[in-house]
Amino acid sequence: MPNILVIAEMLDGKVRKSTHSAITFARNAGGTFSILVLGQGAKAAAAEVTGFGAQKVLVCDDPYLANPVAERFAPTIAAVAKSGFDVVAVTASSFGKDVAPRVAGKLGAGYAPDISGVKDEGGKLVYKRPVFAGNAYATCTINTPVQVVSARQSEFSAAEPSGGASPVEDVALAAKDAAAERIEYLGLSAAKSERPDLGEARVIVAGGRALKEQFATVLDPLANLLGAAVGASRAACDAGYAPAELQVGQTGRVVAPRLYFAIGISGAIQHLAGMKGSKTIVAINKDPDAPIFQVADYGLVADLFNAVPELVTELKKATG
Ligand SMILES: Cc1cc2nc3c(=O)[nH]c(=O)nc-3n(C[C@H](O)[C@H](O)[C@H](O)COP(=O)(O)OP(=O)(O)OC[C@H]3O[C@@H](n4cnc5c(N)ncnc54)[C@H](O)[C@@H]3O)c2cc1C
């Protein structure tokens, strides 16, 4: 049975909810797991993950880890992994995707990114992961003594606490890496939004190039009404109609909300790669042959500039 090291991700002194997907991965893989919380303020944050059934919550609280510079985190993660773990698991977030290959490099470990499924076959972990922009799935195993994986947040839903209280143990900061010394941290400019994060939203209202400069004017009322996150196609982002961090797709965020509105989005395979796992897809497009209708559960052939305001009016009536 594998012994898994789950890496917690911290932001503003708290454990990010994305970490809960890596915990679900560990639970699904079977065996035992511990959670490593690293960062400045990790000691206080560790209490947030002691109720998830981990054997131990390991803590490395150090000002050197105050900022998300992967080169500073990798040596300590690799050192802890060597203390008896078979698998290092992160959530496939920006931070996870940054740190995991560096940890694998340090350990000489095989790395399987973007895992969408895991099962134990006769004591060997078999991973499922998307290939060819999500058009096919590969199953793979890793043959190195320690394995590194990143788990897709869209496929491993956030773990709920299971009760109990895992013991908390301090671990030392590993020797600093020469690579980290060549990096100067200048700052993090994160978009502040009242809306839910795309990766955690239950409803996403996404728009394409068709919305032009009216992207926000048309979509915001619908998103506000539904408490939804707003997403966008790459064409909409590239044209400057929507900020880049809203991009959904192969080269953007991968999401799987309960409800996904694709409004004025053609449905190119690169966009589908980021949203086709959504539970229910609603498409509004004026072209009846748009590929998005092939994956949509509900499709409306209409001009979005009429259809979306009408939908907002009807929803307001229905919800009082
Ligand atoms: C390597 C690579 C990576 C990529 N990664 C991504 C990615 O991560 N995410 C992504 O989205 N794309 C990605 N793309 C781009 C992708 O191929 C498409 O170009 C892009 O998704 C198209 O965006 P769109 O559907 O908004 O625009 P368009 O293709 O221009 O489609 C606009 C749609 O709006 C409809 N429409 C127009 N006017 C109206 C109206 N008034 N009412 C209703 N409907 C209307 C049209 O019928 C059309 O279907 C990538 C491409 C490459 C090569």
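The values are calculated or read from the model by the stated rules, or taken from the named source; none is laboratory data. Nothing here was measured: the structure is a model prediction, and the numbers come from that model. With ideal geometry, Cβ positions are generated from the backbone for all residues, glycine too; neighbour counts draw on all protein chains shown.
Which of the residues spanning region 88-146 are at pLDDT 95 or above, more than 28 Å from residue 72 (Cα to Cα) and among the aliphatic types (A, V, I, L, M)?
Answer for region 88-146, where residues must be at pLDDT 95 or above, more than 28 Å from residue 72 (Cα to Cα) and among the aliphatic types (A, V, I, L, M): 118, 125, 126, 138.
Answer with yes or no whether residue 181 is within 30 Å of residue 226 (Cα to Cα) and among the charged types (D, E, K, R).
no
Would you pick out the residues in region 238-278 that are hydrophobic (A, V, I, L, M, F, W, C) and buried (at least 22 other Cβ atoms within 10 Å of the Cβ)?
242, 246, 248, 254, 255, 261, 262, 263, 265, 272, 275
Somewhere in region 213-224, is a residue more than 10 Å from the ligand (Cβ to nearest atom), more than 17 Å from residue 296 (Cβ to Cβ), assigned to a helix (DSSP H, G or I) and in contact with a Cys (Cβ under 7 Å, 6 or more places away or on another chain)?
Taking every residue of region 213-224 in turn, none turns out to be more than 10 Å from the ligand (Cβ to nearest atom), more than 17 Å from residue 296 (Cβ to Cβ), assigned to a helix (DSSP H, G or I) and in contact with a Cys (Cβ under 7 Å, 6 or more places away or on another chain).
Condition first: surrounded by fewer than 19 Cβ atoms within 10 Å (Cβ to Cβ), of a type in the set (A, V, I, L, M, F, W, C) and in the same structural domain as residue 22 (by TED's automatic domain parsing). Can you find one or more residues in region 77-89 that meet it?
Scanning region 77-89, I find at least one residue that is surrounded by fewer than 19 Cβ atoms within 10 Å (Cβ to Cβ), of a type in the set (A, V, I, L, M, F, W, C) and in the same structural domain as residue 22 (by TED's automatic domain parsing), so the answer is yes.
Residues that are of a type outside the set (A, V, I, L, M), away from the ligand (no atom under 13 Å from the Cβ) and not assigned by TED's automatic domain parsing to the domain that holds residue 157: does region 291-303 have at least one?
Yes, that holds for at least one residue.
Scan region 250-268 residue by residue and report those that are in contact with a Gly (Cβ under 8 Å, 6 or more places away or on another chain) and either over 26 Å from residue 288 (Cβ atoms) or modelled with pLDDT under 95 (or both).
250, 252, 253, 254, 255, 256
For region 196-212, name all the residues that are more than 16 Å from the chain's Cα centre (by Cα) and more than 13 Å from the ligand (Cβ to nearest atom).
If the condition is that a residue be more than 16 Å from the chain's Cα centre (by Cα) and more than 13 Å from the ligand (Cβ to nearest atom), then 205 is the only one that fits.
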